[in-house]
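Enquirer: The structure under discussion is supplied below as structure tokens; questions concerning it will follow.
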Amino acid sequence: MSNVPLDRRLLLWAPLAIAASAGLGFYALLGRMREGTYDPRGVPSPLIGKRIPTFDLPGDNGPGFSSADVMAAGTPVLINFFASWCIPCVEEAPLLDQLHKQGVAVWGIAYKDKAAATAAYLARNGNPYARLARDDPGQTAIDFGVYGVPETFFVDTDGIIRARWPGALTDDIIAHGLKPLLKTYS
Amino acid sequence: MTPELGHFALALAVALAGAQAIVPLLGAHQRDARLMAAAPALALGQLIALATAYGALIWSAVTDDFSVMNVAENSSSMKPLIYKITGTWGNHEGSILLWCLILALCGGAVAAFGRNLPSALRARVIGVLGFCSVGFLLFALTTSNPFMRVWPPPVDGNDMNPLLQDPGLAIHPPILYAGYVGFSIPFAFAVAALLEGRVDAAWGRWVRPWTLVSWLLLTGGIALGSWWAYYELGWGGYWFWDPVENASLLPWLTGTALLHSAIVVEKREALKTWTILLAIGTFSLSLSGTFLVRSGILNSVHTFANDPARGVFILALLALVIGGSLLLFAFRAPALAASGLFAPISREGALVLNNILLCSMAAVVLTGTTYPLFAELLFGAKISVGKPFFDAAVLPLCAPLFLAMAVGPVLSWKRAALGPALMRLWWAALAAAAVGIVASLGPARGIPALAYAGATWLILGSVAEIVERTRLFRIPPSASLSRLRAQPRAVWGAAIAHAGMGVTVIGIAGMSLAVSAVVAVKPGASTEVGGYTWTLQDLHDASGSNYTARVADLVVTRDGKVVATMHPSRRSFITQRQTTMDSAIQTDGFQDLYAVLGEERDGSAILRLHVNPLAPEIWFGALIMAAGGMVSLADRRLRIGAPRRAAAAVAARA
């Protein structure tokens with residue numbers, strides 16, 4: 001072993017060093033995933049910090065709502081895209097209900113859904129929505145950059161989008177994401 | 001009762017694997033023949049226990065035992081029987097158990113077919129495999145136990161993700177896993193060699209067949225995966241540089257390099273340290289790929305439900321296996337002195353070039369896959385690395401690799417002259433140039449034309465190698481024929497595999513010229529795409545055992561003649577409330593007509609229509625590559641028993 005030059009012996013440690021630093025990096029990422037500060041699926045929305053797209057959507061039996069209504073609400077609004085055919089929506093329904101009972105303005109947009117199916121869905125899972133609109137052509141969803149239901153946007157009193165959560169809301173998101181925003185903007 | 005039996009068998013497997021890890025390694029260390037002799041029995045025992053456990057899981061799925069949580073979450077009584085069986089590995093817990101079962105199979109294979117290995121080497125190899133098994137079995141038992149019960153049991157299960165209910169995907173994971181896990185055997189040989197401090201030609205000869213088996217399974221697995229993406233995802237593409245795809249490509253690249261460098265160890269006793277590192281690296285990449293996917297750190301379309309807690313366990317396991325083997329490598333590799341010397345221009349030199357290029361590609365793919373993670377970690381920046389990066393970075397490395405692939409086999413060992421070697425390939429070069437020029441006159445300008453030329457070069461280069469070895473046209477045909485028969489199978493295998501790569505390249509180049517369009521068509525109307533007239537004759541409903549479907553009847557004509565009748569459909573799965581698009585593909589072996597049925601709006605159907613020239617060649621080429629591997633595997637010289645039998649023959653003659 002002694003006849004092997006030192007620099008060559010050092011070179012043989014390089015694979016271990018590379019693997020170890022990669023391992024440490026992954027460990028740090030796993031830690032952040034647990035804290036919720038790193039989300040591999042989180043795609044930053046270009047709309048954050050921008051005014052909501054302009055829209056005017058019809059409702060089921062009553063009136064729907066428009067972007068002007070959201071800005072005139074006077075409180076921050078949680079815009080929730082959902083559909084009766086979506087399973088994660090059922091999953092997050094109780095959480096939305098809770099928020100609604102706590103006085104958070106949750107406004108729903110039924111995405112590509114039949115009116116009767118939406119009504120049955122709300123009857124079954126509870127209706128947390130202060131206002132309800134339907135987006136049958138899906139154009140508003142495209143303007144919002146929605147890539148699947150459910151998806152939730154936090155809009156402040158000036159109509160600026162402050163956060164976006166693709167997928168079902170969780171207790172974690174509400175505690176660490178939504179609650180601080182509500183404190184800042186209401 | 002059956003799930004408990006499976007649970008017990010799993011626990012028993014952990015105990016046996018523990019013994020398999022300790023007893024033979026201790027025996028080899030103390031030179032105790034009795035302890036070393038226990039290795040095969042322990043390996044086979046572990047295999048039997050795990051096979052029992054897996055059987056119990058399949059039984060629970062087939063008999064619709066929804067009190068087993070895994071079955072309740074991933075199966076349903078309406079699901080066809082075949083998917084009840086294959087569904088056992090379509091989820092995290094089951095696939096980990098399958099992974100363990102294949103690892104046990106590897107140990108069993110070494111136990112059964114490695115009778116001619118020196119007993120200490122065999123004991124060490126089986127011991128190292130047992131060590132890996134303990135880790136993964138503990139992972140299965142403590143964090144991913146498929147035998148957990150749920151009470152009260154649901155009336156029916158959740159059913160499986162409909163995308164996975166597909167015959168191609170049903171057999172895909174076992175083949176791919178066999179490829180991944182198969183590299184545990186070269187890994188175990190490498191660690192055993194480091195423990196012994198000795199690598200020689202015999203070691204190279206023993207490692208090669210195992211590497212070859214894993215390589216051809218991995219080749220098949222990757223090809224099947226990309227084929228599945230092509231016809232089932234309905235996006236019209238075949239490779240997306242998705243993290244999961246990259247995770248399978250990485251061990252393939254380094255495994256291919258290992259396959260070639262092991263030849264140098266076998267023939268010339270050179271590149272020993274490098275080959276050991278490749279063996280460790282290839283298995284490490286197989287393991288890390290699994291880890292990255294399972295922990296959910298990387299975002300992919302293929303991921304199972306994931307959980308960071310599992311990620312920490314796998315990471316610790318990886319640290320132990322990869323870190324431990326690399327630590328051993330750092331300490332012991334200096335003892336492996338190279339004995340064979342060679343000039344840069346030689347067969348060895350060409351194989352080194354192959355290794356450098358393949359490993360550079362692996363480095364590029366690894367960087368592209370993990371860089372977004374580390375950019376986020378170090379700079380807090382969200383970036384996305386995709387197809388443009390991979391295409392731009394991998395293509396330039398392919399060109400010299402393809403050039404060298406045809407030249408390498410005609411070079412002689414030790415020292416060669418480049419001039420005469422190139423002279424032997426003149427007609428292949430001429431044909432490649434002609435194909436390139438003709439192609440660039442047509443629609444394939446630029447890179448596709450170059451790719452066609454490269455593919456021609458690869459295929460004809462393989463032919464040239466065989467021609468060269470048989471001295472065709474230089475000696476009488478009958479003498480050539482007898483030389484042809486005398487060629488070792490490994491030579492044939494290499495030529496076939498290299499030609500297969502050429503065929504795949506043709507397919508990839510052809511696919512880059514594919515034409516596609518999204519059109520809205522009313523029933524009875526027709527549209528023109530890619531020189532074909534596509535007529536939507538009818539839209540109707542249909543149903544299967546666990547889905548309902550909307551089917552389009554498409555008739556494709558060219559110059560008034562009917563070319564194909566196709567039925568793309570959209571399936572709605574009842575239990576999972578998910579819709580899949582079932583693309584219709586009509587192929588004549590050289591071109592695919594590909595149709596996907598989308599939404600319907602205002603009485604017209606949205607259709608996505610593709611004309612994919614030469615697409616089938618991508619998978620046909622992979623099949624040829626795997627066939628080449630199989631031919632090479634049949635080589636007498638590679639049979640594990642061969643050295644001893646040859647020695648016995650020599651002894652008998654004396």
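Enquirer: Using +1 at the C-beta of Lys and Arg and -1 at the C-beta of Asp and Glu, which of B:VAL529, B:TYR547, B:ILE508 has the Cα lying farthest in the positive direction of the dipole of the stretch B:463-574?
Expert: Checking the options against the dipole of the stretch B:463-574, the answer is B:ILE508.
Enquirer: In terms of the ratio Rg/(2.2 N^0.38 Å) built on C-alpha atoms, what value belongs to the stretch B:144-198?
Expert: 1.94
Enquirer: May I pose another question? I'd like the orientation of helix A:115-125 relative to chain A: the angle between its Cα long axis and the longest Cα principal axis, in ° from 0 to 90, rounded to 10.
Expert: 70
Enquirer: Per residue of the stretch B:559-566, in order, report the coupling 6.51 cos²θ - 1.76 cosθ + 1.60 (Karplus, θ = phi - 60°) as ³J(HN,Hα) in whole Hz, putting x for Gly and Pro.
Expert: Running phi through 6.51 cos²θ - 1.76 cosθ + 1.60 with θ = phi - 60° gives 6, x, 9, 6, 9, 7, 10, 10 Hz.
Enquirer: Rg (Å, one decimal) plus Dmax (Å, integer) for the alpha carbons of the stretch A:56-185?
Expert: Values for the stretch A:56-185 (Cα only, Rg and Dmax): 13.3, 38 Å.
Enquirer: A follow-up question, please. Pick out, from B:VAL556, B:LEU607, B:LEU593, the residue whose Cα sits farthest towards the positive end of the charge dipole of the stretch B:515-614, with +1 on the Cβ of Lys and Arg and -1 on the Cβ of Asp and Glu.
Expert: The listed residue farthest towards the positive side: B:LEU607.
Enquirer: Next question. Under a plain spin-label model, where a point goes 7 Å from the Cα along Cα-to-Cβ, how far apart in nm are B:HIS567 and B:ALA202?
Expert: If labels sit at B:HIS567 and B:ALA202, their model points lie 6.1 nm apart.
Enquirer: Next up: Identify, among A:VAL146, A:ILE109, A:ASN125, the residue whose Cα sits farthest towards the positive end of the charge dipole of the stretch A:56-185, taking +1 on the Cβ of Lys and Arg and -1 on the Cβ of Asp and Glu, with the dipole about the Cα centre.
Expert: The one lying farthest along the dipole's positive direction is A:ASN125.
Enquirer: Which value in Å does the Kirkwood hydrodynamic radius of the stretch B:179-224 take, with 1/r averaged over all unlike C-alpha pairs and then inverted?
Expert: Answer for the stretch B:179-224: a Kirkwood hydrodynamic radius of 11.1 Å.
Enquirer: Looking only at Cβ-Cβ distances, which cysteines of the protein assembly as shown have no other cysteine closer than 4.7 Å?
Expert: B:CYS100, B:CYS106, B:CYS132, B:CYS359, B:CYS398
Enquirer: Turning to a different aspect of this structure: To the nearest 20 debye, what is the magnitude of the charge dipole of the protein assembly as shown about its Cα centre, counting +1 on the Cβ of each Lys and Arg and -1 on the Cβ of each Asp and Glu?
Expert: Details: 62 positive and 53 negative charges, 831 e Å.
Dipole of the protein assembly as shown, to the nearest 20 debye: 3980 debye.
Enquirer: Alpha carbons only, please: Rg and Dmax for the stretch B:30-88, in angstrom.
Expert: For the stretch B:30-88, the Cα-based Rg and Dmax read 17.8, 57 Å.
Enquirer: Would you mind giving the three semi-axes, in whole Å and largest first, of the ellipsoid equivalent to the stretch B:1-125 according to its Cα gyration tensor?
Expert: 35, 13, 9
Enquirer: State, as an integer percentage, the relative contact order of the stretch B:515-614 based on alpha-carbon contacts under 8 Å between residues 6 or more apart.
Expert: Relative CO of the stretch B:515-614 lands at 26 percent.
Enquirer: Additional query: On each of the three principal axes of the Cα atoms of the stretch A:99-164, give max minus min coordinate, whole Å, ordered largest first.
Expert: Rounded to whole Å, the extents work out to 33, 31, 16 Å.
Enquirer: Something else about it: Around B:GLN591, which amide H atoms from residues at least 5 apart in sequence, or from another chain, sit under 5 Å from its own amide H, with H modelled in the peptide plane?
Expert: Hits under the 5 Å cutoff: B:LEU614.
Enquirer: Counting partner chain Cβ atoms within 10 Å of every residue's Cβ in A:6-16, what's the average?
Expert: 5
Enquirer: Hey, got the dipole for chain B? About the Cα centre, +1 on K and R Cβ, -1 on D and E Cβ, debye to the nearest 20?
Expert: That gives a dipole near 3080 debye.
Enquirer: Based on the Kirkwood radius over alpha-carbon pairs, what value in µm²/s does the Stokes-Einstein equation return for the translational diffusion coefficient of the stretch B:81-159 at 10 °C and 1.306 mPa s?
Expert: Approximately 108 µm²/s, per Stokes-Einstein.
Enquirer: Let me ask something else. If you take the beta carbon distance between A:TRP13 and A:HIS176 as r and set R0 to 45 Å, what does 1/(1 + (r/R0)^6) give as a FRET efficiency, to the nearest 0.05?
Expert: Values: r = 41 Å, r/R0 = 0.91.
With R0 = 45 Å, the Cβ-Cβ based efficiency is 0.65.
Enquirer: Further question on the same structure: For the stretch B:87-133, what is the relative contact order in percent, using Cα pairs closer than 8 Å and at least 6 residues apart in sequence?
Expert: Here the relative contact order equals 37 percent.
Enquirer: Where q = 0.15, 0.16 Å⁻¹, what log10 of I(q)/I(0) comes from the Debye formula for the stretch B:420-577, counting one point per Cα?
Expert: After summing over all Cα pairs, the log10 values are -0.90, -0.95.
Enquirer: Taking beta carbons within 10 Å but only from partner chains, what does the mean come to for residues A:80-89? Mind showing how you got there, number by number?
Expert: On the way: counts 0, 0, 0, 0, 1, 4, 1, 4, 0, 0.
Per residue, the average neighbour count from other chains is 1.
Enquirer: Follow-up. When ranked by the protection proxy of mean other Cβ atoms within 10 Å per residue, highest first, what sequence do the peptides B:505-516, A:162-173 form?
Expert: Order by mean packing, descending: B:505-516, A:162-173.
Enquirer: Go from 0 up to the bin containing the longest alpha carbon distance in chain B, width 20 Å each, and give me the % of pairs per bin.
Expert: Values per bin, smallest distances first: 17, 47, 31, 5, 0.
Enquirer: If you line up the Cα atoms of the protein assembly as shown on their principal axes, what length do they span on each, largest first, in Å?
Expert: 101, 69, 53
Enquirer: With r as the distance between the Cβ atoms of A:ALA20 and B:ASP32 and R0 = 51 Å, compute the FRET efficiency 1/(1 + (r/R0)^6) and round to 0.05.
Expert: Details: r = 34 Å, r/R0 = 0.68.
The value I calculate is 0.90.
Enquirer: Same structure again: Under 8 Å for C-alpha pairs, at least 6 residues apart: give me the relative contact order for chain B, rounded to a whole percent.
Expert: On the way: 1193 pairs, mean separation 75.8, N = 654.
Relative contact order comes out at 12 percent.
Enquirer: So how compact is the stretch B:515-614: Cα radius of gyration and Dmax in angstrom?
Expert: Rg, Dmax (Cα atoms, Å): 13.6, 45.
Enquirer: Quick check: the distance between the Cα centres of the stretch B:385-453 and the stretch B:177-193, to the nearest angstrom?
Expert: With the stretch B:385-453 and the stretch B:177-193 each reduced to a Cα centre, they are spaced 32 Å.
Enquirer: If I model a spin label as a point 7 Å beyond the Cα along the Cα-Cβ vector, how far apart are those points for B:ALA15 and B:ALA41 in nm?
Expert: My value for the distance between the label points is 1.6 nm.
Enquirer: Roughly speaking, what is the stretch gain from B:ASN158 to B:LEU81, that is 0.36 nm per residue apart minus the C-alpha to C-alpha distance, in nm to one decimal?
Expert: In short, 26.2 nm is gained.
Enquirer: Right, another one. Packing-wise, with mean Cβ within 10 Å as the measure, how do A:19-28, B:620-629, B:495-504, A:81-90 rank, highest first?
Expert: B:495-504, B:620-629, A:81-90, A:19-28
Enquirer: Using θ = phi - 60° and the Karplus curve 6.51 cos²θ - 1.76 cosθ + 1.60, what whole-Hz ³J(HN,Hα) does each residue of the stretch B:127-136 get, with Gly and Pro shown as x?
Expert: Once rounded to whole Hz, the list reads x, 5, 4, x, 4, 4, 4, 3, x, 5.
Enquirer: In the Gaussian network model of chain A, springs joining C-alpha atoms below 10 Å, which of A:GLY159, A:GLY126, A:GLY62 carries the largest mean-square fluctuation?
Expert: Answer for the Gaussian network model of chain A: A:GLY62.
Enquirer: If you add up the charges near B:PHE620, with Lys and Arg at +1 and Asp and Glu at -1, over every other residue whose beta carbon is less than 14 angstrom from its beta carbon, what do you get?
Expert: Working: positive: none; negative: B:ASP588, B:ASP592, B:GLU617.
So the surrounding residues net to -3.
Enquirer: Sticking with this structure for a sec: What does the net charge come to around A:LYS50 if you take all other residues with beta carbon closer than 12 Å to its beta carbon, with K and R at +1 and D and E at -1?
Expert: 0
Enquirer: Additional query: Calculate, in nm to one decimal, what B:SER482 and B:ALA525 gain on full extension: separation in residues at 0.36 nm each, minus their alpha carbon distance.
Expert: That pair, B:SER482 and B:ALA525, stretches by 9.2 nm at full extension.
Enquirer: Tell me, what ³J(HN,Hα) does each residue in the stretch B:483-493 have, in order and in whole Hz, if you take phi through Karplus 6.51 cos²θ - 1.76 cosθ + 1.60 with θ = phi - 60° and put x for Gly and Pro?
Expert: 5, 4, 5, 7, 5, x, 4, 4, 5, 4, x
Enquirer: Let me ask something else about it. Taking the Cβ of A:PHE154 as the center, what net charge do the other residues with Cβ under 15 Å away carry, scoring Lys and Arg +1 and Asp and Glu -1?
Expert: +2
Enquirer: Ok, one more. Treating the beta-carbon of each Lys and Arg as +1 and of each Asp and Glu as -1, no other charges, what is the dipole magnitude of chain A about its Cα centre, to the nearest 20 debye?
Expert: Numbers: 17 positive and 18 negative charges, 107 e Å.
Using Cβ point charges on Lys, Arg, Asp and Glu, chain A gives about 520 debye.
Enquirer: Which whole number gives the average count of other chain Cβ atoms within 10 Å of the Cβ atoms across peptide B:331-337?
Expert: That average works out to 4.
Bear in mind that the values in this text are calculations on the coordinates, not laboratory data. Computed from a predicted structure; not experimentally measured. Neighbour counts run over all protein chains shown; Cβ positions are idealised from the backbone, glycine included.
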